[in-house]
Structures are given as structure tokens and as C-alpha cells.
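Below: the structure, in C-alpha cells.
The values are calculated or read from the model by the stated rules, or taken from the named source; none is laboratory data. Small disclaimer: the values here were computed from a predicted structure and weren't measured. Positions of Cβ are generated from backbone atoms using ideal geometry, with glycine treated the same way; all protein chains shown enter the neighbour counts.
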Amino acid sequence: MSDPIHEHDTAAAGLDLVAKAAEPYLRTLDDRLVHDRTRDALLRELEGPLPEKGDGGPAAVERLLRIGTEAGTHSSGPRFFHFVVGGSTPAAMAGDWATSLLDQGGGLWLVSPFATHVETVALGWLKDLFGIPASFGGVLTPSATLAHVTGLAAARHWWAERHGVDVAAQGLAGLPQMPVLSSGLVHASTRKALQILGCGRDTLRTFSRDDAGRVDLAAMEAALTALGGAPAVIVANLGEVNSGDSDPINDLADLAARHGAWLHVDGAFGIFTALSPRTAHLARGIERANSITADGHKWLNVPYESGFSFVQDPEILGKAFGAWGAAYLPSMDDERINYNMLGPESSRRARALPIWATLRAYGREGYREMVERHLDAASHLGALVERSPDFELVAPVQMSVVCFRYRPPGVPEDRLDDLNSALGAALLADGRVYAGTSTYRGMTVFRPTLVNWRTTRADAELLLDVLRELTLR
Ligand SMILES: *Cc1c(COP(=O)(O)O)cnc(C)c1O
């Protein structure tokens, strides 16, 4: 009785349950605790032995929804400010459901011309949105980390070619170490990508002129000169996760041009500064990059998993990832685009659908307004922090990140880290607003990031209110 064929004629019943759960869930999302620890006990109801006879679709889905809507982290609500976590716009969420409904294979044109074409259109719109030239190649990835793998694999291919080696075919043996240079703003995922690519995560060298990690251009230039013309990779960071600080992309592009280096830009969320005339100067120069990483599941507000990789030379992704040599696959000179030859995945989800839906729904204007609402809320929070005698702004607010700490008068400096760590733990346990702590310039700090489409100034204000309330306990 358990064979799914028995649900052939009622296949939409489970979807009905999800749709019915959606209305009350989304209506109450703004008011829920971000995470309610009293519901963690529900997780046990997921357990039990593998059923011999299944429950049937509706019962299984009903259980999943009952547990998930209560014990899940409501991070797509307006007050998850920890890390950099976006939500899901109404159109993006519906686009994501459509992705599951249609279940397209997004790897080969032959499998789904529809998924392939949506991806091509969505990539074109994203380039337009960010001011990346239309001539760039690109591919959607599950995340920024995988976009780094994609862009840096392209860099590695270019670099090995300069040494006369086809690294896709021959591997790295016999080659020197690939020089990778960045500032102290570099994100851990860049090192992880180098680790995956066999370049080694510890080979990345940083050049900083201060403890905030800001780039030391002269020292980086000296290191490039010392390479004596050997090809190198520069990683520029647009939007650092603790401070919202960025490297001067144009200066790094100049360095890359002078030394014939590859420029890779990490714009995971910071690339959205290109959308507002108030912050566009931060992103200036990305159009000169050889490869660019960005995320969809952060400031674009599409559901997990969503990232993008763009490369200046549209041929290079095919060289780095294509030509698998399987007889049943199309060859590289297939006139159709086969996205599984342009990135690390083979079979892949049609992850362009929610991107297409949300860009079609809200357009350039809508996204600019949303980004500017976040910029306003972040600078408002920064101003509130500056005005409070018991909080200290630790870095200037440049985009959607506000870096600050609790610093009540009279508490000695060497007690502040413990005090902030304890406050961070209390905040997460409270659950109304999520913002944990991090370390910045040797200090334990809060670094809330405001990128969720539901977030308003009032949500940012609530963070300080709740922190004050917790310090009084
Ligand atoms: C989040 C982030 C990443 C990694 O992104 P994932 O989507 O989690 O893989 C890389 N760089 C920066 C600056 C980020 O904020």
C-alpha cells in the first residue's frame, strides 16, 4: 500500500497542506520569536526508525509542517540580524515552489530548454542590475562559496595556462604555488574555495595597513613586483561581514592591470551597494574584475540555495568545467548553453526561477528602494548607538552592517569582551532579535546585518531596546 503510485491521483494533496500552512505562517512571521527554544523538544518527533510501511504523503507532510512551523528558525522574518541572512520575497518564494513543482533539470539544454533559458535571462538581468558588462559570462551556483570555487577555478585555469599547463586535464602537479593576494577583509569562504581547488587555504597572503584589515596597497604592489611578472590572483572584498568595510576595488583593479594579475571580487552581499547612488561608489570597479562572486540568498532575498559567478572571459568557464568527455553528453561546441559545463555541478536545480520571478516582480526600482530602506535602517541604528552612553559604535556604518558593542560607563576595558559575549548569548536565548557576537579588531562586538526585505527601522530599534532590557536583568 506504500508505493507512491497509490497517490498518483492525489499528488497535489501535500502541496495543498503547504499552501494552507503558508498563509498563517507568513502572516505571523513578523511577530514570532526568531527562534523559540521552548519548541526544540519537538525535534524529537522527527525521529524514530525508518518506517516499514510509510504514513502516506499527507500525514508525512503534515508532521513536517507541524514541527517546522514551530521548531524552525524563523530567519526569513524581519529580525534575524546574525551573520548575513536574507529572507525570501513573496515572488521569490513562489518562484521557488514553482521550481519544485516543475522539477526541471538545470544542467543540460536538452533536459530543459526552459530552465536553461530562464537562467540565461536571469544572469543577464543580474549583470544589468549590478552594472556588470553584458559581455561577461556567468553561471548560477548554490552559494557564494561555490561561486568562489567557480571564479577561482577560472583564475586557476588562466594562471596554469600562463605556465603552459592545462590544469583541467593535467592537474596541479609540477606547477608552483598559485600566488593569491588580498586584504585583511577577506572572507573565510575564499580560503575554503582555495582549499577545495587544491591551492591550499593557507597560501592566501593578506596585506593590511591596520588591525581593521584595510588593504596596504604599497605592500601588495611590492609583493606583486617581487613575483617578477609571474601570474597572480588578487581578491578584492566588497562588504566585509563584521564592519561592512570594502577594499578600494578600482585601486586593486589598477594594481591587477599594472601587474597582469587576475582580479576576483567577493561581493557576496556588498555588490548590492551598486543599486543605490548613495553607495554605488563602493562597487565602482567591479566591471574591471576577471571574476565576481555574489549571493542570491542574502540581499536579493531569494530562498536558499542561491549564488552567482560572473567571469569577464565567457570562454573560460567552459575550459575550467566543461569537456567531460562522456559520450552521451553534448560536446563543448554545442551551440546551446549547457550550464553543467560552466560550473562545478552536474545535475542541478533550476535555481534561476525564483531569481527571475523576484526581478520580474519588483524590478530595478523595487530593489533600489529595498536596499535604501536597509541603508536607512542601518544608519539609523548606528546613530542610535552613537547617541547612547552605554553602547559604542566600533566602525562607521557604510552599508547594511552596524558594528558596535555594549560599553557601560565605569566598566574596565578588560571586562568588556566577557560582558558582550554574555549579552550576545542572552540575546540569542531571548529570541526576539537575533544578533550574536563576533571579534573585530580584537574586541567582542555585535555586527547585525540588515538585508531582509521585511526589515524596517522599528526592527533595528528593537535590537537596542532588547539589549538594554537584558543588561538590566
Ligand atoms: C556569506 C558570505 C560568503 C559566503 O557565502 P555562502 O553563500 O554562505 O557560501 C562569502 N563572502 C562574504 C563577504 C559573505 O558575506
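Considering L450, L423, the condition of being hydrophobic (A, V, I, L, M, F, W, C) and within 12 Å of P78 (Cα to Cα) is satisfied by L450 alone.
Residues that are in contact (Cβ under 8 Å) with a residue 40 or more places away in the chain, among the hydrophobic types (A, V, I, L, M, F, W, C) and closer than 28 Å to S243 by Cβ within the range 357-383 comprise M370, V371, L375, A377, A378, L381, listed in sequence order. Look through the range 182-198, keep the residues that are within 14 Å of the ligand (Cβ to nearest atom) and small (G, A, S), and return whichever of them is surrounded by the most Cβ atoms within 10 Å (Cβ to Cβ). The selected residue is A193.
Here is a yes/no grid of residues against (1) under 20 Å from P303 (Cα atoms); (2) not hydroxyl-bearing (S, T, Y):
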{"position": "D128", "(1), (2)": "no, yes"}
{"position": "P133", "(1), (2)": "no, yes"}
{"position": "T145", "(1), (2)": "yes, no"}
{"position": "H148", "(1), (2)": "yes, yes"}
{"position": "L152", "(1), (2)": "no, yes"}
{"position": "W159", "(1), (2)": "no, yes"}
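In this structure, is V167 surrounded by 20 or more Cβ atoms within 10 Å (Cβ to Cβ) and more than 16 Å from the ligand (Cβ to nearest atom)? Answer is yes for this residue.
Surrounded by fewer than 16 Cβ atoms within 10 Å (Cβ to Cβ), more than 22 Å from S306 (Cα to Cα), more than 16 Å from the ligand (Cβ to nearest atom) and without any contact (Cβ under 8 Å) to a residue 40 or more places away in the chain: is that true of R201 in this structure? Against the criterion (surrounded by fewer than 16 Cβ atoms within 10 Å (Cβ to Cβ), more than 22 Å from S306 (Cα to Cα), more than 16 Å from the ligand (Cβ to nearest atom) and without any contact (Cβ under 8 Å) to a residue 40 or more places away in the chain), R201 does not qualify. Look at the range 333-345: where a residue is in the same structural domain as H148 (by TED's automatic domain parsing) and a partner is surrounded by fewer than 18 Cβ atoms within 10 Å (Cβ to Cβ) and assigned to a loop (DSSP other than H, G, I, E, B), sitting 6+ places away or on another chain with Cβ atoms under 7 Å, you get N338/P330; N340/S346; M341/M332.
Across the range 300-333, the number of residues qualifying as among the β-branched types (V, I, T) and either modelled with pLDDT under 95 or in contact with a strand residue (DSSP E or B) (Cβ under 9 Å, 6 or more places away or on another chain) (or both) comes to 2. Screening the candidates A378, A361, A383 for the property of being outside any loop (DSSP other than H, G, I, E, B), under 21 Å from A268 (Cβ atoms) and modelled with pLDDT of 95 or more yields one hit, A378. For the range 427-473, the set of residues classified as farther than 16 Å from L29 by Cα, touching a residue at least 24 places away in the same chain (Cβ under 8 Å) and charged (D, E, K, R) consists of D430, R441, R447, R457, E461, R468, R473, listed by residue number. Among residues of the range 295-311 that are free of Cβ contacts under 8 Å to residues at least 24 places away in the same chain, none has a beta-carbon under 6 Å from a residue that is more than 8 Å from the ligand (Cβ to nearest atom) at least six positions away or on a different chain. Listed by position, the helices (runs of 4 or more DSSP H) inside the range 57-173 whose residues that are touching a residue at least 40 places away in the same chain (Cβ under 8 Å) and out of contact with any Asp or Glu (no Cβ under 6 Å at 6 or more places or on another chain) number at least 3 are 57-71, 90-102, 113-130, 144-162.
Being of a type in the set (S, T, N, Q) and surrounded by 15 or more Cβ atoms within 10 Å (Cβ to Cβ) is a property that holds for S75.
Determine, yes or no, whether G86 is within 16 Å of the ligand (Cβ to nearest atom), on the phi < 0 side of the Ramachandran plot and not acidic (D, E). Criteria met by G86.
Here E52 meets the list (1) over 26 Å from T456 (Cβ atoms); (2) part of a helix (DSSP H, G or I) almost entirely, failing just condition (2).
Scanning the range 98-123 for residues that are over 20 Å from the mean Cα position of the chain (by Cα), of a type in the set (G, A, S) and crowded, with 18+ Cβ neighbours inside 10 Å yields G106, G107, S112, A115.
Within the range 420-438, is there a residue that is part of a loop (DSSP other than H, G, I, E, B), closer than 15 Å to F81 by Cβ, modelled with pLDDT under 95 and within 22 Å of the chain's Cα centre (by Cα)? Yes, that holds for at least one residue.
Just one of the numbered conditions (1) over 29 Å from the mean Cα position of the chain (by Cα); (2) not in a helix (DSSP H, G or I) is not true of L33: (1). Please verify whether the range 213-235 includes one or more residues that are within 11 Å of the ligand (Cβ to nearest atom) and either in the same structural domain as H148 (by TED's automatic domain parsing) or closer than 25 Å to H157 by Cα (or both). Scanning the range 213-235, I find at least one residue that is within 11 Å of the ligand (Cβ to nearest atom) and either in the same structural domain as H148 (by TED's automatic domain parsing) or closer than 25 Å to H157 by Cα (or both), so the answer is yes. Scanning the range 428-452 for residues that are out of contact with any His (no Cβ under 6 Å at 6 or more places or on another chain) and surrounded by fewer than 23 Cβ atoms within 10 Å (Cβ to Cβ) yields L428, A429, D430, R432, T437, S438, T439, R441, G442, M443, T444. Among the residues making up the range 124-155, those that are away from the ligand (no atom under 16 Å from the Cβ) and surrounded by fewer than 24 Cβ atoms within 10 Å (Cβ to Cβ) are G124, W125, K127, D128, L129, G131, P133, A134, S135, F136, G137.
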